[in-house]
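In what follows, a structure is listed as structure tokens, so that the remarks can point back to it.
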Amino acid sequence: MRIAAEWAEKIDSGELRHGDPLPTREELSATYGVSKTVIRDALGLLHQDGYLQSNTRRGTSVFRLARYELPMYVLEADDRGRDAFTDAVEAQGGRPYQHIRVETIVPSDSIKSALELADNDLVLARRRMRTIDGIPYCITDSYFPYDLVKGTEIADPTDIQRGGRHVLREHGHEMVRHRDSIRSRRPHAREISELEISSGLPVIRHDRTSYTASGQPVRLMSSAFPSDRWELTYEVEK
């Protein structure tokens, strides 16, 4: 664990970068004065936590994709008529894309509570897999009261280039207040599969509930960000 932590720190600090090769097990064994079994276990921990990748020809190397900053405070605050996530990624040189599917679902208790729904109310789920340069970077599921958005562009599984918040505004449901919840946890099965991440890499779970001026919750946006690929930033004004 000590050896794994030392190499994780080298990678996190930027001393080692994506694609940099690691010494062989024999070299690491000699460096640390331990058996190759100990080195194997240390590398196994790093693999599990998503720090390394192995190739039969090139051996073991660092796995650290480009990290993007996502300014959470501007996702809803601008009036430019474009998707704020797309703008943020493009400003940092990335090429964003999203795969979208839309489902009508019976809400879980947590979704029902967040949207203050009655027992028989349905929810429209707009599920997006966001990629950057073709690599999965985050999952974002947005939940809306079904009766509120049925027949709108939000119910259509195509890209809304100006952003869903503008669609809600156009239909008389402008979002003026947001409540964020952020926590870190191990990835769930869907996240491991769709984000193509290791089981030991934590994800940042971000939930944002959005309200109209009257206090009605109109959207719950739940995102899973692989922790090695994102920095979520906020600005707080007095």
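Do you know which residues across segment 160-179 are open to solvent by 50 Å² or more (accessible area, probe 1.4 Å) and either part of a loop (DSSP other than H, G, I, E, B) or in contact (Cβ under 8 Å) with a residue 60 or more places away in the chain (or both)? Answer for segment 160-179, where residues must be open to solvent by 50 Å² or more (accessible area, probe 1.4 Å) and either part of a loop (DSSP other than H, G, I, E, B) or in contact (Cβ under 8 Å) with a residue 60 or more places away in the chain (or both): Q161, R162, H171, G172, E174, V176, H178. Out of the residues in segment 111-123 meeting the condition of being aliphatic (A, V, I, L, M) and in a loop (DSSP other than H, G, I, E, B), tell me which one is surrounded by the most Cβ atoms within 10 Å (Cβ to Cβ). Ranking the candidates gives L117 first.
May I ask you to verify whether R126 is closer than 24 Å to E174 by Cα, among the basic types (K, R) and open to solvent by less than 20 Å² (accessible area, probe 1.4 Å)? Yes, satisfied.
Take the residues in segment 79-110 that are of a type in the set (S, T, Y) and part of a strand (DSSP E or B); name whichever of them is nearest to T140 (Cα to Cα). Only one residue fits best here, namely Y97. Residues considered: G19, G44, G93, G14. Of these, the only one that is among the small types (G, A, S) and in contact (Cβ under 8 Å) with a residue 24 or more places away in the chain is G19. If I filter segment 81-89 for residues that are open to solvent by 40 Å² or more (accessible area, probe 1.4 Å) and of a type in the set (S, T, N, Q), do I get at least one hit? No, that holds for no residue.
Comparison of R190, R208, R183 shows that the only residue that is within 15 Å of the chain's Cα centre (by Cα), closer than 30 Å to D49 by Cβ and crowded, with 17+ Cβ neighbours inside 10 Å is R208. Of note, S113 does not satisfy the criterion of being under 26 Å from I197 (Cα atoms) and more than 19 Å from the chain's Cα centre (by Cα).
The values are calculated or read from the model by the stated rules, or taken from the named source; none is laboratory data. These numbers come from a predicted model, not from an experiment. Don't worry about glycine lacking a Cβ; one is built from the backbone with ideal geometry, like all the others, and counts go over all protein chains shown. The area values use the complete protein model at the heavy-atom level, side chains included, leaving out ligands, DNA and RNA. Shrake-Rupley method; radii C 1.70, N 1.55, O 1.52, S 1.80 Å.
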